[in-house]
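J.: Just dropping this structure here.
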Amino acid sequence: MHIARRGFSLIELVIVVVILGIIGAIAIPRMSRGAEGAKDSALVADLATLRNAIDLYHTEHEGLYPTAAAIEAQLTTYTNLAGTANATKTGAFIYGTYIRKIPSLPVGTNRGNSTIAAADGAGVGWIYDQSTGTITANLPDGDVDASGTKYNTY
């Protein structure tokens, strides 16, 4: 009695390997670009969160923006109308909190820094202009996204 062995031929195995190679060649570059796109999206989201917190502060404090020297405390703790920060909510400190913590910069050469300052400097993640309430990423013009847009113009 002869038992027939069933299996894949060499040609069938080669075709499967070629198909897997084509799929890998298409998928791997797309996945690596996706990680960069996620960092760009994180920067956009962090800027939107900071800008919304500054706008809410501005509205509740009768047109005053947080000060550059105390912006972190003014956004993350309770404040009075003058902007003096306090860790606990009391009768005088009724405004805030606007954000739990200042996010770290997710991209570029200053990635990981969460400090806010009025001017560019080492270890500063965000640049804030208290006269206009604008905040931007503290990154050099050479730090750009995949489309060539400067991160400091987001």
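A short reminder: the numbers here are calculations on the coordinates, not readings from a lab. Just so it is clear, the structure is predicted and the values come from calculations on it, not from any experiment. Neighbour counts run over all protein chains shown; Cβ positions are idealised from the backbone, glycine included.
J.: At V144 and T49, where each label point lies 7 Å from the Cα along Cα→Cβ, what is the point-to-point distance in nanometres?
T.: If labels sit at V144 and T49, their model points lie 2.8 nm apart.
J.: Further, regarding this structure: Taking 7 Å along the Cα-to-C-beta vector as the label spot, tell me the I94-I23 distance in nanometres, rounded to one decimal.
T.: Here the modelled spin labels are 6.2 nm apart.
J.: Please work out, to two decimal places, the log10 of the ratio I(q)/I(0) at q = 0.21 Å⁻¹ from a Debye calculation in which every Cα of the chain carries one identical scatterer.
T.: -1.23
J.: Per residue of the stretch 13-18, what does 6.51 cos²θ - 1.76 cosθ + 1.60 with θ = phi - 60° give for ³J(HN,Hα)? Whole Hz please, x for Gly and Pro, Karplus curve as stated.
T.: Result, ordered by residue: 5, 5, 4, 4, 5, 5 Hz.
J.: Something else about it: Out of the DSSP beta bridges found with both residues in the stretch 16-149, what percent are antiparallel (nearest 5)? Walk me through the intermediate numbers first.
T.: Details: 7 of 9 bridges.
Here the share of antiparallel DSSP bridges comes out near 80 percent.
J.: How far is it, in nm, from the label point at V16 to the one at T153 when both lie 7 Å from their Cα along the line to the Cβ?
T.: 5.1
J.: Could you derive backbone 3J(HN,Hα) for the stretch 105-122 from the dihedral phi with the Karplus parameters 6.51, -1.76 and 1.60 (θ = phi - 60°), listing whole Hz in sequence and x where the residue is Gly or Pro?
T.: Ordered by residue, 3J(HN,Hα) equals 5, x, 9, x, 5, 9, 4, x, 7, 10, 6, 10, 9, 7, 9, 4, x, 5 Hz.
J.: Here is a follow-up. Can you sort K101, K39 by how many other beta carbons sit within 10 Å, fewest first? Walk me through the numbers before you get to the answer.
T.: Values: K101 10, K39 15.
Fewest-to-most Cβ neighbours within 10 Å comes out as K101, K39.
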